[in-house]
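A quick write-up on the structure given underneath.
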Amino acid sequence: MSVLRMVVAFAFMLVMSVAQAINIPVGGVNGKGYFLRDYAHLLKNGGAAEQSITAVQREAFETKSTPIVIVTINRMRDYGYGGKDVHHFSRLWFNKWEIGTERTNHKNAGILLLVSKGDRMVSIQLGNDWRHNWDSAAQAIIDEKILPAFREKDFGGGIAQGVEALGVMAKFGPEADPARFSPSGEELSESEPDSSQPSVDVVQPDPDHAVSLQPDSTPDSTPVSTESLWRNPIVWMIGLCFGLGFALVILGIVEKDPEKRSQLIKYGVILMVLPLALIALLAAFSGRSRGASNASSNASSGQSSRSEGGYSGGGFSGGSSGSGNDDGGGASGSW
């Protein structure tokens, strides 16, 4: 029965990988959602910084099909990430949220600006249309626009300045020459558009998802769409373990040898029950820890619990950054 033990050990490794998976909140529902998720409460609700960010997000998305999504968090470890590589973490976040418009106009030019306040790190993650051509531009935005303000504890100003520069980058587009770009936007001027850049299919804004700067009572834990659920590798891992267990139980039922029958059914039941039990425990623990974390954050900050804002539209309708061992285009920094 050594083969059975190997199968169970393999399944256990899969289940443990589920336990170590990062717990990223839901991004868009049916491809639509807010472009600003201020989980660390670094921006004043409806303040000047948020209004400036919203204006840039709106223009970039409605004219260039480029969703510029902003996420602020307290620490990466709050989401189950044990590493220190903020760029890798932001790639996981980008891909989980599918930032881009591939399913509507085949564009993968999304941009994610992620700030981890407690880790003192920031990352700009770029969709695959940008490739690595714009990495230096992203690094310049971080170094020249974001980090100086962060070092003065002006998080709202740093984010707003960074988004403004990202808006300039969006006007150029992935096919333009990055050498013409400056974070200050001076080189944009009134120059003719790049003739090598293909025409852009503009995604029209949905009136049902207009800009809202009022406090939103909708909780962050929006139900996951069925399409997103079946794209989740964790679901496939659980299904694989359960399927293997079910197959072993069936083999055990038809096995004539009593000893082999007992072993097959025993291991099959373990494979079927273990993933489900572990997921239930993780869900219960995650709910308690997240509730305590949110309560502590809100009490310490003295701010509204609202975390959603900025422009709202269909910027979560298909997008990815990097592949395999490539963590995608963009840049990162710390202060």
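Within segment 83-109, the set of residues being of a type outside the set (D, E, K, R) and farther than 22 Å from ALA40 by Cα comprises GLY100, THR101, THR104, ASN105, HIS106, ASN108, ALA109.
Would you confirm, using the coordinates I've provided, whether ARG103 is surrounded by fewer than 18 Cβ atoms within 10 Å (Cβ to Cβ) and touching a residue at least 24 places away in the same chain (Cβ under 8 Å)? The answer is yes for ARG103. Looking only at segment 106-123, decide whether some residue is in a helix (DSSP H, G or I), surrounded by fewer than 17 Cβ atoms within 10 Å (Cβ to Cβ), touching a residue at least 60 places away in the same chain (Cβ under 8 Å) and not acidic (Asp, Glu). No, the conditions are met nowhere in segment 106-123. The listed residues are ALA109, ALA140, ALA48, and the only one of them that is out of contact with any strand residue (DSSP E or B) (no Cβ under 9 Å at 6 or more places or on another chain) and hydrophobic (A, V, I, L, M, F, W, C) turns out to be ALA48.
Kindly indicate the residue of segment 313-335 that is without any contact (Cβ under 8 Å) to a residue 40 or more places away in the chain and not small (Gly, Ala, Ser) and also surrounded by the most Cβ atoms within 10 Å (Cβ to Cβ) among those meeting that condition. Write out each step before concluding.
Kept after step one, since they are without any contact (Cβ under 8 Å) to a residue 40 or more places away in the chain, are these residues of segment 313-335: 324-326.
Checking the rest, the ones that are also not small (Gly, Ala, Ser) come to 325-326.
Numbers: ASN325: 5, ASP326: 11.
Looking at residues that are without any contact (Cβ under 8 Å) to a residue 40 or more places away in the chain and not small (Gly, Ala, Ser), I get ASP326.
Given GLY46, GLY83, which one is in a loop (DSSP other than H, G, I, E, B) and free of Cβ contacts under 8 Å to residues at least 24 places away in the same chain?
Unique residue meeting the criteria: GLY83.
May I ask you to list the residues in segment 320-335 that are modelled with pLDDT of 90 or more and in a loop (DSSP other than H, G, I, E, B)?
Within segment 320-335, SER320, SER321, TRP335 meet the criteria.
The values are calculated or read from the model by the stated rules, or taken from the named source; none is laboratory data. Fair warning: this is a prediction, and the values are worked out from it, not measured in the lab. Glycine also receives a Cβ, built like all others from the backbone with ideal geometry; neighbour counts cover every protein chain displayed.
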